[in-house]
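Peer 1: This is the structure, below, for whatever I ask next.
The values are calculated or read from the model by the stated rules, or taken from the named source; none is laboratory data. Quantities reported herein were computed from a predicted structural model and do not represent experimental measurements. Note that each Cβ is placed from the backbone with ideal geometry, even for glycine, and that neighbours are counted across all protein chains shown.
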Amino acid sequence: MEKEVLIFGHKNPDTDSICSSLVHESLNEKVGWKAKAVRLGNINKETQFVLDYLKIEAPELIEKVEEGQEVILVDHNEFSQSVKGIEKATIRMVTDHHKIANFETSEPLYYTAKPYGCTATILYEEFKEFNFEIDKKDAILMASAIISDTLLLKSPTTTRFDKKALEELGKIAEIDVDEYGLKMLKAGTDLDDLSAEELINIDAKVFEKEDTKFEIAQVNTVSIEDVLKRETELKTVMNETIQEKGLSLFVLAITDILNSNSEIIALGEKSGVIKVAFGKDLVNDRAFLEGVVSRKKQLLPDIDKNI
């Protein structure tokens, strides 16, 4: 890898996508490869809390890559979630914790996928495997990513590997994980100044299955009721997105991070899949899913299986 490689997470990046990109840049530097972390969307408030805490700038925003550009993907592999032009880019490496779907390359690559709660946990293990010292900045970045993706280890996606990594990273970072983590998560629930369009794009991913395309967006909050006050405008923007992207289904999960429940709004011609997947009737396009907080483990699998 002699030319600079671009490292990035998925569109509408979350804390794991941004933090893992930055950590991967550090890891590549230690290995001796030229690499640069970039991003594919705006920084959300939760991630901004982390960047402000560290007093560092967000990675550069890019909208497309040219043919042959060498790239490293973190926290995603599906082309529908990646940068414009990814089909003709040269993918050198993937570090991810999601299912593998719609992914194909013309050349061999380094591919690491583990069913952990967070990409950063995989990177933590790679630091250990290379016997590289983890500095305080990278420790905070990785700890923040794990806290975000596992909701402070409360999400069903959490594994013993995430717990072990967060415990060690918290010590290196010299932070009280619970205190810091709660402040970080709450920072991400400040939604008052966001438009409906911005709100549904805080953390949204498009999935494809054969000839069907659907989107699942997630918003974290400490009050589901406060978000639902904007239900009418949210539905309007969701319907516009369905038309614009040709979606069969759009699901917005409004997740209460304190009580670990979600209220979903489901629109589109295949919204009936919610009844089949979760045994819940939609009432005015809504359903309450008790104990559901994870898109990856609790929403996507059942929707994908039944759509």
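Peer 1: Please go through region 28-60 and pick out each residue that is under 20 Å from the mean Cα position of the chain (by Cα) and either among the small types (Gly, Ala, Ser) or farther than 25 Å from residue 191 by Cβ (or both).
Peer 2: Residues satisfying the conditions are 36, 37, 38, 41, 58, 60.
Peer 1: Evaluate the following for residue 149: is it closer than 30 Å to residue 246 by Cα, part of a helix (DSSP H, G or I) and either basic (Lys, Arg) or modelled with pLDDT of 95 or more (or both)?
Peer 2: yes
Peer 1: Also, quick follow-up: Report yes if residue 208 is among the acidic types (Asp, Glu), farther than 22 Å from residue 46 by Cβ, surrounded by 14 or more Cβ atoms within 10 Å (Cβ to Cβ) and in contact with a helix residue (DSSP H, G or I) (Cβ under 8 Å, 6 or more places away or on another chain), otherwise no.
Peer 2: yes
Results for (1) small (Gly, Ala, Ser); (2) touching a strand residue (DSSP E or B) at 6+ places or on another chain (Cβ under 6 Å); (3) outside the structural domain of residue 207 (by TED's automatic domain parsing); (4) free of Cβ contacts under 8 Å to residues at least 40 places away in the same chain, shown as yes or no for each residue.
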{"position": "92", "(1), (2), (3), (4)": "no, yes, yes, no"}
{"position": "100", "(1), (2), (3), (4)": "no, no, yes, yes"}
{"position": "111", "(1), (2), (3), (4)": "no, yes, yes, yes"}
{"position": "118", "(1), (2), (3), (4)": "no, no, yes, no"}
{"position": "123", "(1), (2), (3), (4)": "no, no, yes, no"}
{"position": "127", "(1), (2), (3), (4)": "no, no, yes, no"}
{"position": "132", "(1), (2), (3), (4)": "no, no, yes, no"}
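Peer 1: Considering 158, 121, which residue is more than 20 Å from residue 93 (Cβ to Cβ), crowded, with 16+ Cβ neighbours inside 10 Å and of a type outside the set (Asp, Glu)?
Peer 2: 158
Let's see how each residue does on (1) exposed (fewer than 15 other Cβ atoms within 10 Å of the Cβ); (2) at pLDDT below 95; (3) under 21 Å from the mean Cα position of the chain (by Cα):
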site: 236; (1), (2), (3): yes, no, no
site: 243; (1), (2), (3): yes, no, no
site: 254; (1), (2), (3): no, no, yes
site: 279; (1), (2), (3): yes, no, no
site: 284; (1), (2), (3): yes, no, no
site: 297; (1), (2), (3): no, yes, yes
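Peer 1: Moving to a separate point now. Within the bounds of region 16-36, is there any residue that is within 21 Å of residue 219 (Cα to Cα), surrounded by 13 or more Cβ atoms within 10 Å (Cβ to Cβ), of a type outside the set (S, T, N, Q) and out of contact with any strand residue (DSSP E or B) (no Cβ under 9 Å at 6 or more places or on another chain)?
Peer 2: yes
Peer 1: While we're looking at this one, here's another question. Just to be sure I understand, how many residues within region 57-75 are touching a residue at least 24 places away in the same chain (Cβ under 8 Å) and under 15 Å from residue 92 (Cβ atoms)?
Peer 2: Of the residues in that region, 7 qualify.
Peer 1: On to the next question. Just to be sure I understand, how many residues within region 171-205 are in contact with a Phe, Trp or Tyr (Cβ under 6 Å, 6 or more places away or on another chain) and either over 17 Å from residue 51 (Cβ atoms) or crowded, with 18+ Cβ neighbours inside 10 Å (or both)?
Peer 2: Going through region 171-205 one residue at a time, the tally reaches 1.
Peer 1: What do you reckon, is residue 72 surrounded by fewer than 22 Cβ atoms within 10 Å (Cβ to Cβ) and either outside the structural domain of residue 215 (by TED's automatic domain parsing) or among the aromatic types (Phe, Trp, Tyr) (or both)?
Peer 2: Criteria not met by residue 72.
Peer 1: Here are the criteria: (1) in contact with a Lys or Arg (Cβ under 8 Å, 6 or more places away or on another chain); (2) of a type in the set (Gly, Ala, Ser); (3) free of Cβ contacts under 8 Å to residues at least 60 places away in the same chain. Tell me which single one residue 279 does not satisfy.
Peer 2: Result: residue 279 passes all but (1).
Peer 1: Could you please tell me which pairs satisfy a Cβ distance under 9 Å, a separation of 6+ or placement on different chains, a first residue in region 137-166 that is touching a residue at least 12 places away in the same chain (Cβ under 8 Å) and more than 22 Å from residue 259 (Cβ to Cβ), and a second residue that is surrounded by fewer than 24 Cβ atoms within 10 Å (Cβ to Cβ) and of a type in the set (Lys, Arg)?
Peer 2: 139/171; 159/114; 161/114
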